[in-house]
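Below is one structure, written out as structure tokens, with a few remarks after it.
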Amino acid sequence: MKLKLIILITFFSLSNSFAQIDESQTGAWYMYFYSHQFKNSSWGIQGDFQYRDWQGLGDMEQLLLRSGITYSPKDAGIKFTLGYGNVTSGQYGNSNDTSIESRIYQEALIPQKLGNRFYLTHRFRYEQRFVEDQDFRTRYRYNLFLNVPINSKELNPKAYYLALYNELFINGQTDIGDGREVQFFDRNRTYLGVGYVLNSKIRFQLGWMNQKTNTWGKGQLQLSIHHKI
């Protein structure tokens, strides 16, 4: 009887270990960002489509589809967004299980230029999250972006630039239902990359991002296209 119990405990321990995230394995995020300002108007649209993979390709981490309506008050130096996102999250490893999240968000984007070539952007975002099999949740996010042109003082066509950001995520509550809890600290993302301005409408970026949560940390390659329609 004791031998059977030991075998069962060993089996479940091994099964759990195989399901754990391999923090040494680099994942990949493929992203398309778009924005459009309506002519002679303070209104516009923006959004992003992202495919995130645990290992590069073949093991989906997330599929994120997000769009919003923007408003930029005249001469205010700020852009507000009201948007919606649909997120499909996969499990690490061989499991094909997924969960769905609907997300409403409000955002304030504040660009700032320091000196001749330091382009800063502050992004404040508040999310209302409807996650499958969880109670209603909220989350606060702050992201500080920095772009620094290399071969030019401006982010003009044919300019190469360094791209950095750091984003902090804080949960609005810890109780997510059925006796389950999360920490107030949700995650932090730190990114370093290089970009290229193709023309006044399109930029490309390639970089590496490290994401840390309360339970794991993982590196991600990021390839992104930034498109002004």
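Against the numbered list (1) closer than 28 Å to residue 45 by Cβ; (2) touching a Phe, Trp or Tyr at 6+ places or on another chain (Cβ under 6 Å); (3) not in a strand (DSSP E or B), residue 145 comes up short only at (3).
Can you tell me how many residues in segment 30-49 are within 17 Å of residue 104 (Cα to Cα) and either touching a Leu at 6+ places or on another chain (Cβ under 6 Å) or open to solvent by 50 Å² or more (accessible area, probe 1.4 Å) (or both)? So the count comes out to 2.
The values are calculated or read from the model by the stated rules, or taken from the named source; none is laboratory data. Only a predicted model underlies this, so the values are computations on that prediction, with no experimental measurement involved. Please note: Cβ atoms are built from the backbone with ideal geometry, for glycine as well, and neighbour counts cover all protein chains shown. Quick note on the areas: whole protein, heavy atoms, side chains included, nothing else; ligands and nucleic acids left out. Shrake-Rupley method; radii C 1.70, N 1.55, O 1.52, S 1.80 Å.
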